Every structure is written in structure tokens, then in C-alpha cells.
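Please read the structure below before turning to the comments.
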Amino acid sequence: MIKQLYRKLFPKRYYNSPAYRREEAARYDKKRLRAVTERTEAGDIVIARDAYVCVSAGYVFVNAETESLFKCRDGDVRSGELMSRDGVMFTGFDEIHEKERSIICYFKYYR
């Protein structure tokens, strides 16, 4: 009885499933960003300032004012919040640059 109640309250999640990845990416929809960096072998490179995250039509977009920086299917993108809770890291196949990329998005801080 208690075991069944526990399973209903806390369902088992498969972290590599597309449904979980979509749910995780949707948490960051409409977030404003102060900086976006790309992780490369040489280190982190700042690629934009004042950007935002948009999750719609089955894609995760990271857009700056003048250009789109990152576009990946929401079922394929891996996202994880930074330990400081100051940003998020998206990793996946970028359809704009047509390669696997890791970008770090730092949230704007509002008081």
C-alpha cells in the first residue's frame, strides 16, 4: 500500500528519454540571458550578450537581438542547471552550425 502510494507520488524517470529532455528544456522557456558562451577545447568563448531562450515548435532556440545562436530539437538536447543556479548548459546537435555544440547560458539577475 505504501509502496504503491510512493510510486504514484514519485514516478520513476528515465533521464535519457526524449520526454524528460522536453520537460527539462521547457523549464527555461522565455528566460533572459546576460551572456552566452560556447565550450570549446581551448576554453569558453563569449558568443553573445543580452540573449534569450525560446522553446517552441519542438526546438530549443537561443537567440540574440540580431541572430539565432543555437537551434536543437527539444527531444535531443541535454540541459543541466549550473551548480550556482546562475545559468544552464545546453548540449546537442546544433542545426545552424551543423555540429555538436555545448553552450552555457547565464541568466540575468533581477532584484
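The values are calculated or read from the model by the stated rules, or taken from the named source; none is laboratory data. Just so it is clear, the model here is predicted, and its values are computed rather than measured. As a convention, Cβ positions derive from the backbone with ideal geometry for all residues, glycine included, and neighbour counts pool all protein chains shown. Note: areas computed on protein heavy atoms with side chains; ligands, DNA, RNA excluded. Shrake-Rupley method; radii C 1.70, N 1.55, O 1.52, S 1.80 Å.
Remark: residue 52 matches the filter, which requires a residue to be more than 21 Å from residue 98 (Cβ to Cβ), of a type outside the set (Lys, Arg) and surrounded by 15 or more Cβ atoms within 10 Å (Cβ to Cβ).
For the stretch 75-111, the set of residues classified as of a type in the set (S, T, N, Q) and touching a residue at least 12 places away in the same chain (Cβ under 8 Å) consists of 79, 91, 102, listed by residue number.
Taking the stretch 1-43 as the range and being closer than 20 Å to residue 81 by Cβ, among the hydroxyl-bearing types (Ser, Thr, Tyr) and open to solvent by 90 Å² or more (accessible area, probe 1.4 Å) as the test, the residues that pass are 14, 15. Here's a check for you: in the stretch 80-111, which residue that is within 17 Å of residue 30 (Cβ to Cβ), open to solvent by 30 Å² or more (accessible area, probe 1.4 Å) and assigned to a strand (DSSP E or B) is modelled with the lowest pLDDT? Only one residue tops the list, namely 81.
Reported count of residues in the stretch 16-74, each being hydroxyl-bearing (Ser, Thr, Tyr), touching a residue at least 24 places away in the same chain (Cβ under 8 Å) and outside any strand (DSSP E or B), is 1.
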